[in-house]
Structure formats: structure tokens, C-alpha cells
């Protein structure tokens, strides 16, 4: 029974603690052995340090124009979350499968892997590829090693379906995300003699305030499409800290912030605005501290997904999902990486994003069954 096979694979995938800060090689070795047992060709693409890897399997003819079913193997941490049971052991109750990653998104990976026997029995005219990546929850760089090999030693796909949890709605748009670390460096002095130094904290606070002023400007621009919630590009400052004592002017203050941009919004729009403000501030910061500085480090830039109405990916996914229209999602995925590489891409997978990253994360059994039906319709679509 395909369902039993999918659940068995899901149990194995969840049993590997593949938090993004940890290696995923145990899971990858399990998938390699599974594919070898079925006689499926695959390539494993390690990261630079060799402690993580992506895997790319091909079922059917090794030609261009196939369909990639893309998922990630990493999960978010469980530390500090109040789970009712072992998060790395699936538990079935009330029509739900509980466990870290069941929804986001080892459930999709298990469905794709579990349906391989049916793919092998079909006479596929175009290939189905299964790509399992790493570091989606942090950088979305995990598939880049595979993408770089398209049209070289790997077939170039015609469509990518990223199986993030959308309740099998077809998403053709997502926001970009960029994360930054800004470090303001001043000069220590006694707090009773502020003119002898430069306190980094008030300058950092002024910069943070400026970011939220710019956020208000973005809010007035809104979302012309009316598809996103919230309907604007957003800025958020998440962590700020600095100083060593109450009576010492802080030499350093740093803060972490992010920008989530609507599709077709320049990814560095907020950074460019911020740098202009920071440059204007430097002369004041350096009045009593010639070596003072403001440096902003780019941590991660994940491209958005722009709508491509009528694309092969949209047309196919709508047919397979039996939907009449597309949606937009507010969360980041790897989809933009594929789109920038020139491959039509959509986001469509089982489960609800509302359950992702939560304690007692789960996927409905009905969603797994719907995902199986989705892949079966894909197999039928590619036969002959």
C-alpha cells in the first residue's frame, strides 16, 4: 500500500534530527540506500565543508523538460518547545501525524519517495526528479549546488514544484527576505563627561527608529496586487544590544534586522535607504571619535518568487491540484532560487503552514492522502 510506504518513510525521515545547525548526512545516507534498492539513479551534492548534502534523483528518461519535486531536509529547533511526545518519533492520533518536520516538510519528501515504485512502473515520457536539500530554514542555499549543474551533467527541468505546506494550493508569489547585522562603533568615556566620547547606543537607536520610519513609508505604498497579508514590504528589528556598564559610554551597539520585500521590489531597497541615512550620520558620530563607524553586514538574501502567469509550472500545478487560481504566500522558500535560474516554479505541497515550527507539529492524514493523489496525477500526466 502506498500510504503505508509513505508513513514508513516519513517515520524514518523524522527520526533524523536535522536541525539546520546539524548535519543531515544520516538522513541522506538513508535516502541513498532506499534509492539504490529501487535501482534509481541519483547524485549527492555536498556542501563546502562536507557535513551536509543535497540529493537529486531521476526517475524516467534522462532528458530535459522534466518535473522537479523539491523539498528540504532541515527542520527548525525543538529546544524550549513543550512537546507532548518525542518530536523525532512520529505519533498518529485523531487523524494527524505528529513529529518535527511532518508538515515542514518531510511529509512532502516522504510522499515523493514513497511513490517512486509507481513512477518506475509507469512509462514516463519525461522524467520526475526528486530534490532534497539542506539549510532552507536558514539560507535557502541548499539546492544551489544542484541548480549549478543543470544543463551540464544534470538534465534541465522544465518545471519545479516546491512542496512547502500550502494545503495543496498553488502559490506563484512570495516575498523576498534579506537579513542584516549592523554594528555601530563609538568611543568609551565616563558617562559624566559625554563630550569625551561617542555613545554608540543612541546612534543605533536613531538608526532603528529610521528603519521604522521607512517601514511606514512602505506601508503607504501598499501592495498593488492585493494578494499579500500583510499587504506591504516589511522591516523588523529583532535583537539589539550594546554597552558594558551604565556609567560608561558604549563603544559598540549592534542590532539584527530584516527586510521582506514584495515581488519585483529591489531586494536591497531597505539596505540602500539605510546606508544613505547611516552615511549622513557618520559626521556626527565622529565629532568626538574619529575612528567611529557604522558597518552593516549582509547575512542572508533569499529572492522572492514573482508571478509568471500561464507558465508551465502554474498550468501543470493547477491541473494536478485541481485548483482554478493561484495564491501568494508570505513566507520564504527556495522557489526564487529556481526561478532566477530560469526554471518556471511554483510552491505547492500538503499540510498547513500554520502547523509549521510549532510544538506538536503535525500534518493531517487527509493531507498526506491528497499529496499521494497529487503525485499520482503527475505520473499520469508524464506517461508516454
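The values are calculated or read from the model by the stated rules, or taken from the named source; none is laboratory data. Worth saying up front: this structure is predicted, and the values here are computed from it rather than measured. Cβ sites come from the backbone with ideal geometry, for glycine too, and all protein chains shown count toward neighbours.
Among the candidates 109, 145, single out the residue that is surrounded by fewer than 24 Cβ atoms within 10 Å (Cβ to Cβ) and either closer than 20 Å to residue 52 by Cα or free of Cβ contacts under 8 Å to residues at least 24 places away in the same chain (or both).
Only one candidate passes the filter, namely 145.
Grab the strands (runs of 3 or more DSSP E) fully contained in segment 63-103, keeping just those with 1 or more residues being touching a residue at least 60 places away in the same chain (Cβ under 8 Å) and within 23 Å of the chain's Cα centre (by Cα). Step through it out loud before you land on a result.
Numbers: elements: 67-72, 91-93, 96-98.
The qualifying strands (runs of 3 or more DSSP E) are 67-72, 96-98.
Could you please give the count of residues in segment 2-26 that are assigned to a helix (DSSP H, G or I) and either surrounded by fewer than 15 Cβ atoms within 10 Å (Cβ to Cβ) or without any contact (Cβ under 8 Å) to a residue 60 or more places away in the chain (or both)?
Number satisfying all stated conditions: 6.
So residue 35 passes all but one of these: (1) closer than 20 Å to residue 149 by Cβ; (2) over 25 Å from the mean Cα position of the chain (by Cα); (3) in a loop (DSSP other than H, G, I, E, B). Which condition number does it fail?
Of (1) closer than 20 Å to residue 149 by Cβ; (2) over 25 Å from the mean Cα position of the chain (by Cα); (3) in a loop (DSSP other than H, G, I, E, B), only one is false for residue 35: (3).
If you go through segment 337-369, how many residues are buried (at least 18 other Cβ atoms within 10 Å of the Cβ) and closer than 28 Å to residue 123 by Cα?
11
For segment 65-106, what are the residues that are at positive phi, in contact with a helix residue (DSSP H, G or I) (Cβ under 8 Å, 6 or more places away or on another chain) and either surrounded by fewer than 24 Cβ atoms within 10 Å (Cβ to Cβ) or not assigned by TED's automatic domain parsing to the domain that holds residue 372 (or both)? Before the answer, list the steps.
Residues of segment 65-106 that are at positive phi, as a first pass: 65, 80, 94-95, 99, 101.
Filter once more, keeping what is in contact with a helix residue (DSSP H, G or I) (Cβ under 8 Å, 6 or more places away or on another chain): 95, 99, 101.
If the condition is that a residue be at positive phi, in contact with a helix residue (DSSP H, G or I) (Cβ under 8 Å, 6 or more places away or on another chain) and either surrounded by fewer than 24 Cβ atoms within 10 Å (Cβ to Cβ) or not assigned by TED's automatic domain parsing to the domain that holds residue 372 (or both), then 95 is the only one that fits.
Residues that are under 20 Å from residue 201 (Cα atoms) and modelled with pLDDT of 95 or more: list the strands (runs of 3 or more DSSP E) wholly contained in segment 234-333 that include at least 3 such residues.
234-242, 252-261, 293-302
Please verify whether segment 122-131 includes one or more residues that are within 30 Å of residue 230 (Cβ to Cβ), touching a residue at least 24 places away in the same chain (Cβ under 8 Å) and assigned to a strand (DSSP E or B). Working first, answer last.
Of all residues in segment 122-131, those within 30 Å of residue 230 (Cβ to Cβ) come to none.
Scanning segment 122-131, I find no residue that is within 30 Å of residue 230 (Cβ to Cβ), touching a residue at least 24 places away in the same chain (Cβ under 8 Å) and assigned to a strand (DSSP E or B), so the answer is no.
Residue 197 passes all but one of (1) out of contact with any strand residue (DSSP E or B) (no Cβ under 9 Å at 6 or more places or on another chain); (2) in contact (Cβ under 8 Å) with a residue 40 or more places away in the chain; which number fails?
It fails just one condition, (1).
Please verify whether segment 358-378 includes one or more residues that are more than 20 Å from residue 106 (Cα to Cα) and either in a loop (DSSP other than H, G, I, E, B) or modelled with pLDDT under 95 (or both). Steps first, answer last, please.
So the first thing to find is which residues in segment 358-378 are more than 20 Å from residue 106 (Cα to Cα), and the list is 377.
Then drop every residue that is not either in a loop (DSSP other than H, G, I, E, B) or modelled with pLDDT under 95 (or both), which leaves none.
Scanning segment 358-378 turns up no residue that is more than 20 Å from residue 106 (Cα to Cα) and either in a loop (DSSP other than H, G, I, E, B) or modelled with pLDDT under 95 (or both).
Can you tell me how many residues within segment 189-230 are surrounded by 15 or more Cβ atoms within 10 Å (Cβ to Cβ) and either outside the structural domain of residue 261 (by TED's automatic domain parsing) or assigned to a loop (DSSP other than H, G, I, E, B) (or both)?
6
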